[in-house]
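K.L.:
First the structure, which I've put down as structure tokens, then a few questions once you've had a look.
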Amino acid sequence: MKISVPLTNGVLADEYGKYAPAEAMLADYPIRSFPIEINEAPAATKTFALVFIDYDSTPVCGFTWIHWLAANIPATMTAIPADASRQLKDQFVQGNNSNAGALVNGDKQITVGYVGPQPPDKTHHYTLKVYALDDRLPLENGYWLNDFVHAAKGHILAHAQLDVPSRA
């Protein structure tokens, strides 16, 4: 399985992160998700799931920042369009991002779904993982990353990982 995300000059386009225009921001966070292409998924794939996280955040805030969790994306959606987190939110479930955690106490408007990169110190290398699954998972909006890990056991047919840099 292969995944791709369009980059501009080697980094995520500004519209999906820290330099997003005002109409793509909510509570000071970018909320327009980036497009993702999925190719060569196994024929038995029923759904996709994705995890978008920032390991480079650990020295800055003390933990890995979760930017986007989504599951039960239909296998027919191999081209996930820009802004799918908001525009297509009725077609799949989305999990809590790090704004939902007790360490952050983020604005309730931005705790589920995509919140884009805002690296404060340097270019961060975000990790996008996409999973091909053999079934729908018993998850609801607002699930946690650990819920996905447990629910996906025994259902992962393939996965792909991509480094997605975003500038400070």
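K.L.:
Tell me which residues, restricted to the stretch 125-146, are more than 18 Å from Pro42 (Cα to Cα), within 15 Å of the chain's Cα centre (by Cα) and not polar (S, T, N, Q).
P.N.:
Selection gives His125, Tyr126, Leu128, Gly142, Tyr143, Trp144, Leu145.
K.L.:
Residues that are more than 17 Å from the chain's Cα centre (by Cα), more than 19 Å from Lys46 (Cα to Cα) and buried (at least 16 other Cβ atoms within 10 Å of the Cβ): does the stretch 106-113 have at least one?
P.N.:
yes
K.L.:
While we're on this one: Got a sec? Which of Leu145, Leu128, Leu133, Leu162 is more than 27 Å from Ala20 (Cα to Cα) and among the aliphatic types (A, V, I, L, M)?
P.N.:
Values: Leu145 fails: more than 27 Å from Ala20 (Cα to Cα); Leu128 fails: more than 27 Å from Ala20 (Cα to Cα); Leu162 fails: more than 27 Å from Ala20 (Cα to Cα).
Going through Leu145, Leu128, Leu133, Leu162 in turn, just one is more than 27 Å from Ala20 (Cα to Cα) and among the aliphatic types (A, V, I, L, M): Leu133.
K.L.:
Identify all residues within the stretch 66-86 that are under 11 Å from the mean Cα position of the chain (by Cα) and under 16 Å from Gly142 (Cα atoms); write none if there are none.
P.N.:
If the condition is that a residue be under 11 Å from the mean Cα position of the chain (by Cα) and under 16 Å from Gly142 (Cα atoms), then Ile66, His67, Trp68, Leu69, Ala70, Ala71, Ser85 are the ones that fit.
K.L.:
So how many residues does the stretch 1-36 have that are assigned to a strand (DSSP E or B) and under 17 Å from Tyr126 (Cβ atoms)?
P.N.:
9
K.L.:
Please work out which one of (1) of a type in the set (Val, Ile, Thr); (2) surrounded by 14 or more Cβ atoms within 10 Å (Cβ to Cβ); (3) more than 20 Å from Ser4 (Cβ to Cβ) is the condition Ile80 fails and give its number.
P.N.:
If we test Ile80 against (1) of a type in the set (Val, Ile, Thr); (2) surrounded by 14 or more Cβ atoms within 10 Å (Cβ to Cβ); (3) more than 20 Å from Ser4 (Cβ to Cβ), just (3) comes out false.
K.L.:
Gly142 is checked against (1) in contact with a Phe, Trp or Tyr (Cβ under 7 Å, 6 or more places away or on another chain); (2) at positive phi; (3) of a type in the set (Gly, Ala, Ser) and fails just one. What number does that condition carry?
P.N.:
(1)
K.L.:
Moving to a separate point now. Could you list, in sequence order, the residues of the stretch 91-119 that are part of a loop (DSSP other than H, G, I, E, B), in contact with a helix residue (DSSP H, G or I) (Cβ under 9 Å, 6 or more places away or on another chain), modelled with pLDDT of 95 or more and closer than 15 Å to Thr64 by Cα?
P.N.:
Asn97, Val115, Gly116, Pro117, Pro119, listed by residue number.
K.L.:
Okay, moving on. All but one of (1) farther than 18 Å from Leu145 by Cβ; (2) surrounded by 14 or more Cβ atoms within 10 Å (Cβ to Cβ); (3) among the β-branched types (Val, Ile, Thr) hold for Ile73; state the number of the condition that does not hold.
P.N.:
Looking at each condition in turn, Ile73 falls short on (1).
K.L.:
Which one of the conditions (1) without any contact (Cβ under 8 Å) to a residue 60 or more places away in the chain; (2) part of a strand (DSSP E or B); (3) not aromatic (Phe, Trp, Tyr) does Ala43 fail to meet, given that it meets all the rest?
P.N.:
Among (1) without any contact (Cβ under 8 Å) to a residue 60 or more places away in the chain; (2) part of a strand (DSSP E or B); (3) not aromatic (Phe, Trp, Tyr), Ala43 violates only (2).
K.L.:
Can you tell me which residue among Lys153, Lys129 is touching a residue at least 12 places away in the same chain (Cβ under 8 Å) and out of contact with any Asp or Glu (no Cβ under 7 Å at 6 or more places or on another chain)? If you could, list the steps in order and put the result at the bottom.
P.N.:
Values: Lys153 fails: touching a residue at least 12 places away in the same chain (Cβ under 8 Å).
It is Lys129.
K.L.:
Between residues in the stretch 46-59 that are more than 15 Å from Glu140 (Cα to Cα) and residues that are of a type in the set (S, T, N, Q), which pairs lie under 7 Å by C-beta distance while being six or more apart or on different chains?
P.N.:
Hits for this filter: Ile53/Thr64; Ile53/Thr127; Asp54/Thr64; Tyr55/Thr64; Tyr55/Thr127; Ser57/Thr64; Thr58/Thr64.
The values are calculated or read from the model by the stated rules, or taken from the named source; none is laboratory data. Just so you know, these numbers come straight off a predicted model, no measurement behind them. So basically every Cβ, Gly included, is an ideal-geometry build from the backbone, and we count neighbours across all protein chains shown.
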